[in-house]
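> Have a look at this one.
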Amino acid sequence: MHKLGHFIAAMLLALTAFSTAQAQEFDTKAPFAILMDYESGTVLFNKAGDERLEPASMAKLMTLAVVFDLLQTNKLQPTDEFFISEHAWRDGGARSGGSTMFAELNSKVPVIDLVRSVIIQSGNDAAIALAEGVAGTETAFAQMMNRLGQEIGLTGSSFVNATGLPDPDQYSTARDLATIARFLIAQFPEYYPIFAEKEFTWNKIRQLNRNSLLEVGIGVDGLKTGHTEASGYGEVVSTDAGGRRLIGVLHGMKSMNERAEEARKLITWGTRGFELVPVYAEGQEVRKVPVYGGAEAEVAVVGKGTISLFLPKGAQNCPQADVVYNAPIRPPVAKGQQLAMLIVKCNDKVVQQTPLYAGADVADGDIVRKATDALKELALGWM
């Protein structure tokens, strides 16, 4: 990305004397971590958030996304019953030694109970049964996972099974896992409350929700834990405490206790460590960016929803803000297409990354426009 322009608005510059104290620092033992504002997609903390990781059972969030999408479009009903195959029973049941709902071989289980098992018990047998019931095979279902992943903007993920069991061709990133969580919360409010259910019983076996943070009183209401020997312990969490919803992802912890403590620290810091200052209303132009060879020379970029500054409490030299993007931007540009990022710094440390989107369509320009822009590029280059 190339940095462009100046500080973005007098409103921002007026806040530079926010405090004379030293900016708050935060770190985590997690090798991979990200903290995202649900409404805007603003990233408040990023530690190797775009590096490839083994998602373990957190990959089941993508499994659920596919199933929820089918339920919402009435291509699947909660009362539909899916068969527990030998593959589901042997490779995902008690014999496998992994997390399971203890479904019986050759039995049929309603879709909504399979969903509850995947969310609460992390049942591998339930995930396989859903995949086979929807698509016939896990392989075909994984193709559906990848297609939907592309549609919702995943850029660093590949799924080959419904369970998250280890496979060298299955991987994700902390950012992508947060994006999946954001999609689930936004698109499926009728099913999201299941993530906060404390327990689920099947085959007379009661199992507690594996997300221990549901019980600690910090507003956490989802979403998913994960663990393999190779990848360590990870978790995708969300809370609406503090007046806004945050999504956190951590992975690579050494134990369940360390996972719970680091996730608690991350989400608590997010809810308590910032002053929230609204600066742009929904749809309000942040700035214009040039479009090379477009019918219009520029297009306004805007946020999704209100853009707020998340100012660390006790920060100085804050905020310093720039709009950055990959240049040149070429047409056609579609309204809503992500084009840029609003980068906010305190004491030269990035504290916020908010995606910005095209506020209008821009079609291809005529030959005169393209020739004019080509001459500009030759004379000035693209900064």
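> Could you count how many residues in the range 223-267 are within 25 Å of Ala321 (Cα to Cα) and in a helix (DSSP H, G or I)?
Result for the range 223-267: 4.
> Checking Ala162 against (1) within 14 Å of the chain's Cα centre (by Cα); (2) aliphatic (A, V, I, L, M); (3) part of a loop (DSSP other than H, G, I, E, B), which single condition isn't satisfied?
Answer for Ala162: the failing condition is (1).
> Which of the residues that make up the range 297-314 are touching a Leu at 6+ places or on another chain (Cβ under 8 Å), small (Gly, Ala, Ser) and farther than 15 Å from Arg287 by Cα?
Ser308
> For residues that are in contact with an Asp or Glu (Cβ under 9 Å, 6 or more places away or on another chain), of a type outside the set (S, T, N, Q) and either crowded, with 21+ Cβ neighbours inside 10 Å or under 17 Å from Asp50 (Cβ atoms) (or both), tally how many sit in the range 166-181.
4
> With touching a residue at least 40 places away in the same chain (Cβ under 8 Å) and touching a helix residue (DSSP H, G or I) at 6+ places or on another chain (Cβ under 9 Å) as the only criterion, which of Thr100, Thr42, Thr63 stands out?
Thr63
> Of all residues in the range 240-264, how many are surrounded by 17 or more Cβ atoms within 10 Å (Cβ to Cβ) and closer than 15 Å to Leu184 by Cβ?
Count: 5.
> Restricting to the range 322-368, give me the number of residues that are over 27 Å from Phe274 (Cα atoms), in contact (Cβ under 8 Å) with a residue 12 or more places away in the chain and β-branched (Val, Ile, Thr).
Of the residues in that region, 3 qualify.
> May I ask you to list the residues in the range 182-199 that are touching a strand residue (DSSP E or B) at 6+ places or on another chain (Cβ under 9 Å) and surrounded by fewer than 21 Cβ atoms within 10 Å (Cβ to Cβ)?
Correct list: Arg182, Ile185, Tyr192, Pro193, Ile194, Ala196, Lys198, Glu199.
> Can I ask one more? What are the pairs with Cβ atoms under 7 angstrom where one residue, in the range 151-179, is among the acidic types (Asp, Glu) and the other, located anywhere, is in a loop (DSSP other than H, G, I, E, B)? Sequence gap at least six, or different chains.
What qualifies is Asp167/Val160; Asp167/Asn161; Asp169/Val160; Asp176/Leu154; Asp176/Thr155; Asp176/Gly156; Asp176/Ser157.
Each reported figure results from applying straightforward, stated rules to the coordinates on display, with no laboratory input. Note that this is a predicted model, so its numbers are computed, not measured. In this analysis, Cβ positions are derived from the backbone assuming ideal geometry, glycine residues included, and neighbour counts consider all displayed protein chains.
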